[in-house]
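Have a look at the structure below, then the notes.
Every number in this text was worked out from the coordinates using simple rules, so none of it is lab data. For clarity, every value in this text was computed on a predicted model and none was experimentally measured. Every residue, glycine as well, gets a Cβ built from its backbone with ideal geometry; the counts of neighbours run over all protein chains shown.
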Amino acid sequence: MDRQPPRTTSNAIDLYIRTYYSLLRSSGDVRVRAFEEPHAYSDSSLHSGARDARPDLAAFAYAAARLPACMPSVRRLVAGQSNEQFEAQGFAVTAWERIGTRGRRRPQRFDGVDTLAVYVTSASDIDDLVPIVTAWQIEWNKMHGLLARTGVAALLELDAGTPDERDERLAAALDLDVGDLAMLHAAFGDDDGAGIRALAAHPCDMTVRLLAGSLLEYRRASQRWWSAIEPAYLRGASRSPADSSAGATWPRPVYFVSSNTHALPNLIGGYARAHREAIFELVRARDPEGLGQAIEGARAAGDEGQLANLSYYLLRQYLRADPTGGRVAAVQAFDGQSGLATLDSPGHLDVGAQLVELARVQPDQLDPRVRVPGIERLARSEAVILNIDYPLGMAAYHHLTRLAQGIGEIRGIYLMGKAATLNGRVGDIMLATAAYDEHSQNTYLFRNCFSAADVAPWAQSTVLDNQKALTVRGSFLQNREYMQVFYREGYTVLEMETGPYLSAIYELVYPKRHPTDEIVHLSNLLPFDLGVLHYASDTPYSRRQTLLSKSLSYFGMDSTYGCAIATLRRIFSAEVERVRQLESA
């Protein structure tokens, strides 16, 4: 275990990374075409068909899910770190339309014509954005070229006839099976007809410009993010410690969780369970995933856990069905009764945060699966849970290091997120005890406070503990040859945040910056809990079905809530025991 993985790299991927960073140093626009050759010859596992004449729809759909719906109109991308940077260069982004994506929480604004402003919060955003945009353009131009060769008349006929007839003509023109077109339609989303017409009408020749990429600006972005959260965190400090528990300390102790913005609120606030029938009514009217049968099956079996997970899964659809936003406000007000406050996009960064005052948690509103013995003692706790929507790559390092400067005692750090698996199946839960970080080139060894026995009772999927994680720089920036070296060393979990988080954790306990290219033992040095849980969203080296190009289904949500339940039970049990000891002292 103490052996450092063999120093290995992919020359092709290194060349690709050096190419786009050197080009983006230019003060002007850089054509995406300049990235295409090194991208194609990097042999990325997610874009294995880059050099093929036939379209690689999986890669296109993956990229499309992480880009906004306006992409068919975009000719210019401008990346920056703040409104001030954009405006200093003449881009009045504050007047532009805010626009999101399905698969990335990255703030973006569109001028309504052809320019997309993208906010970057760390170098990982660049490592993520450039390959995604390049893959999009490569595959767009392949498909446009194939459609153009069918002739103008055939292009005009794409809108003629029934949908099935149009799909047959489109599949024939693209040299694909008709069944493959479902992925193309999904890539363009709700307005897939307009997307396909644009695909036929023009090629793609985008440019990218990076306004700045300094470490100082990344730190400033993290400072703005924390400054928007800090008032809510300090709000309770005006109360006397006597209002809470004996021996209370201020600022308040924190259990830090990096997960998502739906699991913990649903388990703690109870809105979805209280409004279950109204939520399930949606399925009776529209049931694209066939969940009606699952609901009836859970009811027949008396499976309250599955019914709760179904209500959590469908809550987002229930909220979107109300265009006024009244239901969202109702959920937040309901959650507020349990001491939960949500801060959306603090500091104009799309990394939401939630604060839970444990003293205000209402046991009768909790999901029964997280009610641990003695839960009523939380009423005398002074601690809070600070949950953030897990950031991308190196942003995790910047956010945790800044957050740690502004809070009191850290009692636990729990990292939960999606990952690819080399040895499991989609939906499996993986618990790592070692991680190799491509950013620092460190191998981190740590004690994971969770074992399979802590998570398995709350999930239907397989739970694999004692795993080893590889933190990669970007989802496109690895290939099969590179990964085989790590797989031989037992690294089976591919993700993007654990390494940066562990580098930040190192700096919480050592009086120096994290090292590079070392084996770092954290197992016996941490004065707080450390839990690392991943649920598999993809199997990139398997022929089995993957979820590269779509969101996790209900099966994936089961894994998500299995991890979240284990995390909350760990926090609640630790705090209940702490209060009990104070009471008996």
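Remarks
- For the range 11-210, DSSP calls about 45 percent of its internal beta bridges antiparallel.
- Alpha-carbon spread of the range 11-210, three principal axes, descending order, Å: 50, 43, 27
- Extension gain, Arg447 to Ala274: 0.36 nm times the residue separation minus the Cα-Cα distance gives 58.5 nm.
- Modelled spin-label separation between Arg425 and Glu518, with each label point placed 7 Å from Cα along the Cα-to-Cβ direction: 4.3 nm.
- Taking the fewest neighbouring Cβ atoms within 10 Å as the starting point, the ordered list for Trp225, Trp136, Trp250 is Trp250, Trp136, Trp225.
- Ordering of 512-523, 489-500 by burial proxy (mean other Cβ atoms within 10 Å per residue, highest first): 489-500, 512-523
- Förster-model FRET efficiency, 30 Å R0, Asp190 and Ala285, C-beta, rounded to 0.05: 0.95
- Residue-span extension gain [Ala379 to Glu481] - 0.36 nm each, minus C-alpha spacing: 31.3 nm
- For the range 271-337, the extents of the C-alpha atoms along the principal axes are 33, 26, 13 Å, listed from largest to smallest.
- Cβ-Cβ FRET estimate between Arg25 and Val178, R0 fixed at 56 Å, reported to 0.05: 0.80
- Cα point-scatterer Debye curve for the range 306-402, base-10 log of I(q)/I(0) at q = 0.10, 0.18 Å⁻¹: -0.36, -1.09
- In nm, spacing of pseudo-spin labels at Ser345 and Thr162 (7 Å Cα→C-beta vector): 4.3 nm
- The chain: radius of gyration over Cα atoms, expressed as a fraction of 2.2 N^0.38 Å: 0.98
- Going from the fewest other Cβ atoms within 10 Å to the most, the residues Leu291, Leu477 appear in the order Leu291, Leu477.
- Taking the chain and dividing mean pair separation by its residue count, relative contact order in percent (alpha carbons under 8 Å, at least six apart): 18 percent
- Förster radius 56 Å - calculated FRET efficiency between Arg235 and Arg149, Cβ distance, rounded to 0.05: 0.30
- Sequence-distant residues sharing a close amide H with Val208 (under 5 Å, placed H): Val30, Arg31, Val32, Leu77
- Spin-label model, Ala301 to Ala585: label points 7 Å out along the Cα-to-beta-carbon direction sit 4.6 nm apart.
- Here the residues Thr471, Thr150, ranked from fewest to most Cβ neighbours within 10 Å of their Cβ, fall in the order Thr150, Thr471.
- Within the range 78-153, antiparallel bridges make up roughly 65 percent of the DSSP beta bridges whose residues both belong there.
- For Ala212 and Arg371, the difference between the fully extended length at 0.36 nm per residue and the C-alpha to C-alpha distance is 52.4 nm.
- In the chain, lysine pairs closer than 28 Å at Cα, eight or more apart or cross-chain: 5
- Beta bridge orientation in the chain: antiparallel %, DSSP, nearest 5: 35 percent
- Spin-label zone in the range 99-133 - amide nitrogen under 16 Å from a point set 7 Å from the Cα of Arg220 along the C-beta vector: 119-123
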